[in-house]
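Notes follow once the structure below has been shown.
Every number in this text was worked out from the coordinates using simple rules, so none of it is lab data. Computed from a predicted structure; not experimentally measured. Every residue, glycine as well, gets a Cβ built from its backbone with ideal geometry; the counts of neighbours run over all protein chains shown.
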Amino acid sequence: MSLKLKIKKGDQVIVLSGDDKGKTGEVVKAMPKEGKVVVQGVNLVKRHTKPSQTTPGGIVTKEAPISVSNVAIVDPKSNKASKIGYKEVDGKKVRVARKSGEVIDK
């Protein structure tokens, strides 16, 4: 099951549902095959890890993936959740926040 993700790595997103509802963060990793994204500081889980040559082990807190349907892009103008649309600007297809019409891609 591979999805066309409209949210990419580096985007500012807001969580729409779940325990972390209302939190915002930057997308660290996008996983289109699973339909999930990893957001910095959101959906934190504790993992018990064995010591290895590189890590000392113990209880590690890290971000777990969250479904892409539970996050929305943050509108650059209003700082609220917005859907994503597409527009052609100077012969180039760019992502646009539907709420304000502001271009998301730099």
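One residue stands out among those in region 68-106 that are of a type in the set (G, A, S) and surrounded by fewer than 13 Cβ atoms within 10 Å (Cβ to Cβ): the one that is nearest to K4 (Cα to Cα), which is S69.
Within region 6-35, residues that are under 14 Å from I84 (Cβ atoms) sit with their Cβ atoms under 7 Å from residues that are hydroxyl-bearing (S, T, Y), at 6+ positions apart or across chains, in these pairs: Q12/T24; V13/T24; I14/T24.
Tell me, which residue of region 24-67 that is among the charged types (D, E, K, R), more than 11 Å from the chain's Cα centre (by Cα) and closer than 26 Å to K4 by Cβ is surrounded by the fewest Cβ atoms within 10 Å (Cβ to Cβ)? Before the answer, list the steps.
Within region 24-67, the first condition is being among the charged types (D, E, K, R), and the residues that meet it are 26, 29, 33-34, 36, 46-47, 50, 62-63.
Going one step further and asking which of them are more than 11 Å from the chain's Cα centre (by Cα), we end up with 33-34, 46-47, 50, 62-63.
Still in the list and also closer than 26 Å to K4 by Cβ: 33-34, 63.
Details: K33: 9, E34: 13, E63: 17.
Per the criteria, the residue is K33.
Where strands (runs of 3 or more DSSP E) fall entirely within region 39-106, those with at least 2 residues that are among the β-branched types (V, I, T) and without any contact (Cβ under 8 Å) to a residue 60 or more places away in the chain are at 44-49, 58-63, 92-97.
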